[in-house]
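Below is one structure, written out as structure tokens; the observations come after it.
The values are calculated or read from the model by the stated rules, or taken from the named source; none is laboratory data. Since we're looking at a predicted model, the values are computed, not measured. All Cβ positions, even for glycine, are placed from backbone atoms using ideal geometry, and neighbour counts span all protein chains on display. Ligands, DNA and RNA are stripped out before the accessible areas are found, and what is left, the full protein with its side chains, is counted by its heavy atoms. Shrake-Rupley method; radii C 1.70, N 1.55, O 1.52, S 1.80 Å.
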Amino acid sequence: MPLSDQQIAELNTPAVVVDLDIAKKNISRFQDYANIHGLKVRPHIKTHKLPAVAEIQLAAGAVGITCQKVSEAEAMVAGSNAIKDVLITYNILGAAKLKRLRALAGKVRLSVVADSAEVVQGLSQAFADAPEPLTVLVECNTGANRCGVPTPEAAAELAVIIDQAPGLVFGGLMTYPAPSGEAAVQSFMAQAKRLIEEKGIAVTVITSGGTPSMMHAAKAPVVTEYRPGTYVYNDRSLVTRGVCGWDECALNVIATVVSVPAENRAIIDAGSKALTSDLLGLIGYGHVLGREDITIDQLSEEHGRLVTEGPIGLKVGDKLRIVPNHACVVTNLVDSLTVIAEDMSEPEVWPVAARGLIV
């Protein structure tokens, strides 16, 4: 159910609007691909942070969800009885986080990752006397050069440490690869799997992720599970990569033109607090739908500047639909979303359950 002109006029802008029908199609598209190729799907909730959307993903066939923080996982589990399996893909350190992790493990099937003996030691101390051991995967650097052990040999060494640590059980291997990094994932993970199995330790899960390359995930057949995140909404960065089209972008920011101070320049009420300052290698801070000629060339906190080479053709009070560069950040900037769908008689306001949480 697209927003009517009257409904758009009544929106208090800047407003973040999600078309749930488009999101469902995006979810089904990758789930269908995964089913064909024998991949399990564990979507990352960082993009939507909504228990209700996670439930749609689970109903479509996902085996569980991925979170990046203990607080995200707490909010998602508290918001849905359907969420029973959570992987947190982040090194968890510190007594306060570990105490909360221990409490969360009593509510759902929980897995975490580690890329050092120091992280493993902290997890072991927190779970040494737990009723059930905590599942820990080794995070591997297969080319993105963020976290992760650097070599298959290091992965095998850390797997042994986890296997021998009180309160823990080795769960497999995890990576967040570089885009189009399937060959590197296959090479690294196949070698690491072999080395670990030679030590008598089973490797039951090899989990990879990343929306930009998700439709090529099967090119790394060693992978058993995939963790797409942004795919649920899509954004300008993915359109630019050729991953999707503008009509597959479920999240839009609706902004109002508040000033037209020059023939080729206009100002909207969406700045860095609504559109995010992430560029992701792009020129400008979002795409104005229907206006290829417009560039959002500057953001301050509450202002976005639109420029063109010719007359901009806008007037004060006009409403514009913008696809942001990076949908995940936009979700975390707002307390609630306006959600539309064919089976909704009116747009609904959904609170973003897991946004803005620090730990």
Quick one: in region 268-292, of everything that is crowded, with 18+ Cβ neighbours inside 10 Å and among the hydrophobic types (A, V, I, L, M, F, W, C), which residue is nearest to Leu320 (Cα to Cα)?
Val288
Give Thr331, Thr338, Thr308 a once-over and let me know the one that is at pLDDT 95 or above, of a type in the set (Val, Ile, Thr) and more than 15 Å from Ala250 (Cα to Cα).
Thr308
In this structure, is Ala23 at pLDDT 95 or above, closer than 30 Å to Ile92 by Cα and in contact with a helix residue (DSSP H, G or I) (Cβ under 9 Å, 6 or more places away or on another chain)?
no
Counting only helices (runs of 4 or more DSSP H) entirely within region 33-109, those with at least 2 residues that are surrounded by fewer than 18 Cβ atoms within 10 Å (Cβ to Cβ) and of a type outside the set (Ser, Thr, Tyr) are 51-60, 95-105
Six or more apart or on different chains, Cβ atoms under 6 Å: show the pairs whose first residue is in region 42-58 and at positive phi and whose second is of a type in the set (A, V, I, L, M).
Lys49/Val352; Lys49/Ala354
Hey, can you tell me all the residues within region 188-221 that are of a type outside the set (Lys, Arg), over 19 Å from His37 (Cβ atoms) and open to solvent by 40 Å² or more (accessible area, probe 1.4 Å)?
Gln191, Glu197, Glu198, Gly200, Ala202
Pairs with Cβ under 9 Å, 6+ apart, first in region 87-106 and within 13 Å of Leu134 (Cβ to Cβ), second of a type in the set (Phe, Trp, Tyr):
Leu98/Phe127; Leu101/Phe127; Arg102/Phe127; Ala105/Phe127
Out of region 56-82, which residues are β-branched (Val, Ile, Thr) and under 14 Å from the mean Cα position of the chain (by Cα)?
Ile65, Thr66
Selection status of Val316, touching a strand residue (DSSP E or B) at 6+ places or on another chain (Cβ under 9 Å), within 25 Å of Gln68 (Cα to Cα) and among the β-branched types (Val, Ile, Thr)
no
Kindly indicate whether any position in region 256-272 is at negative phi and in a helix (DSSP H, G or I).
yes
Which of the residues that make up region 127-156 are part of a loop (DSSP other than H, G, I, E, B) and more than 25 Å from Tyr226 (Cβ to Cβ)?
Ala128, Asp129, Ala130, Pro131, Glu132, Pro133
Working only within region 165-209, note down all residues that are touching a helix residue (DSSP H, G or I) at 6+ places or on another chain (Cβ under 8 Å) and of a type in the set (Ser, Thr, Tyr).
Thr175, Ser180, Ser208
What tally of residues in region 110-126 results from selecting those that are part of a helix (DSSP H, G or I), among the aliphatic types (A, V, I, L, M) and crowded, with 16+ Cβ neighbours inside 10 Å?
4
State yes or no: is Ile27 part of a helix (DSSP H, G or I), buried (at least 19 other Cβ atoms within 10 Å of the Cβ) and among the aliphatic types (A, V, I, L, M)?
yes
When you go through (1) over 21 Å from Lys315 (Cα atoms); (2) out of contact with any helix residue (DSSP H, G or I) (no Cβ under 7 Å at 6 or more places or on another chain); (3) buried (at least 23 other Cβ atoms within 10 Å of the Cβ); (4) not basic (Lys, Arg) one by one for Tyr231, which number turns out not to apply?
(2)
I'd like to check something: does region 250-267 contain any residue that is under 24 Å from Ala34 (Cβ atoms), open to solvent by 10 Å² or more (accessible area, probe 1.4 Å) and touching an Asp or Glu at 6+ places or on another chain (Cβ under 9 Å)?
no
